[in-house]
Amino acid sequence: MNSHVSKKLVILSGPSCVGKSPLDKALGRFYPELRRGLQKLVLYNSRAPRPGEVDGEDYHFRMRSQIEALGAEPRYAVLDVRGDLQAVDIEELRTLLETSNAFFEGNPFVGRALQTHPRLAGIDRLSIFLSPLSREEIVFLKSPERNVSLANLVADIMRRKLLRRARRQKSDLSLNDLANIETRATSACIELKEAWHFDYVIPNHDGEDSDNWDAFYYPLGDARKALNAFVALLEGRTPADAERWEEDLVP
């Protein structure tokens, strides 16, 4: 992003395992200066840390009562995200924006809350949604003659990605692991319905389960296209691969 323009809160959202994390890592690997210009926004969260998550890096993990109490302070915006309470330190965000662009990478419900919360009014934003399907594919699939349940298909696509990723991380999956995968997979189509609110949608079939991100040094396939589109948007350009979705695209 150009250093002479006002700083922005960059929001990168999409379903679990769609490729947000490897996209962020690829940006740091191939465009380190651009990535250094994005300072991570660390939110507060009422849930317990997941395996591998670090307090202060992934979230500030606090008791629910503590985050509820933050809502009484003007410097915090408290967000209800599928039953979990999360909070943004608005003063910290504004301090970040004095010298750098702030960056949030996570699920679309938080992304939407960051777009709409009244206490965040006046903050310049660039919102990007990473989707497992393109607009053209959704139009094709939802046509009545296809006789396809888009919700079931999207769940199946994401279930396969999530299972492949999980099996890379551990050889034996517990019932809790499988239940978590199912929750995330079935949420994906609901999350796709939020995509039209975002400034741009980047289609990407190479989720976090794909070798195309780093197995061959340079990203290949949709991983490469998604990276190039993300870079263009950060630099203020509008790439051909970035889409804008209409409100009724996902039924």
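The values are calculated or read from the model by the stated rules, or taken from the named source; none is laboratory data. These numbers come from a predicted model, not from an experiment. Reconstructed Cβ throughout: ideal geometry from the backbone, glycine too, with neighbour counts over all protein chains shown.
Quick notes on this structure:
- Candidates 127, 187, filtered to the one that is of a type in the set (Ser, Thr, Tyr), in contact (Cβ under 8 Å) with a residue 60 or more places away in the chain, part of a helix (DSSP H, G or I) and buried (at least 16 other Cβ atoms within 10 Å of the Cβ): 187
- Taking segment 18-107 and the strands (runs of 3 or more DSSP E) fully enclosed by it, the elements with 1 or more residues that are among the small types (Gly, Ala, Ser) are at 76-81, 84-89, 101-106.
- Cβ pairs under 7 Å, 6+ apart, first in segment 203-231 and closer than 20 Å to residue 157 by Cβ, second of a type in the set (Lys, Arg) and modelled with pLDDT under 95: 208/165; 209/164; 209/165
- So residue 209, is it in contact with a His (Cβ under 7 Å, 6 or more places away or on another chain), buried (at least 18 other Cβ atoms within 10 Å of the Cβ) and either closer than 28 Å to residue 82 by Cβ or among the hydrophobic types (A, V, I, L, M, F, W, C) (or both): no
- Index of the failed condition, residue 95 passing every other in (1) at pLDDT 95 or above; (2) loosely packed, with under 14 Cβ neighbours inside 10 Å: (1)
- Residues that are of a type outside the set (Gly, Ala, Ser) and over 15 Å from residue 78 (Cβ atoms) were ranked within segment 46-60; the one that is modelled with the lowest pLDDT is 51.
- Residues within segment 1-17 that are outside any strand (DSSP E or B) and either of a type in the set (Ser, Thr, Tyr) or loosely packed, with under 15 Cβ neighbours inside 10 Å (or both), tallied: 6
- Within segment 149-179, the residues that satisfy the criterion of being surrounded by fewer than 16 Cβ atoms within 10 Å (Cβ to Cβ) and modelled with pLDDT of 95 or more are 149, 152, 156, 160.
- Identity of the residue in segment 190-200, assigned to a helix (DSSP H, G or I) and free of Cβ contacts under 8 Å to residues at least 60 places away in the same chain, that ends up nearest to residue 18 (Cα to Cα): 190
- Options 42, 88; residue that is hydrophobic (A, V, I, L, M, F, W, C) and without any contact (Cβ under 8 Å) to a residue 40 or more places away in the chain: 42
- Pair list, Cβ under 6 Å, 6 or more apart: segment 69-83 residue on the phi > 0 side of the Ramachandran plot, other residue in a strand (DSSP E or B) and basic (Lys, Arg): none
- Extreme residue, nearest to the chain's Cα centre (by Cα), among residues of segment 87-144 that are of a type in the set (Ser, Thr, Tyr) and more than 26 Å from residue 250 (Cβ to Cβ): 100
- Given (1) within 23 Å of residue 109 (Cα to Cα); (2) of a type in the set (Asp, Glu); (3) part of a loop (DSSP other than H, G, I, E, B), number of the condition residue 241 does not satisfy: (1)
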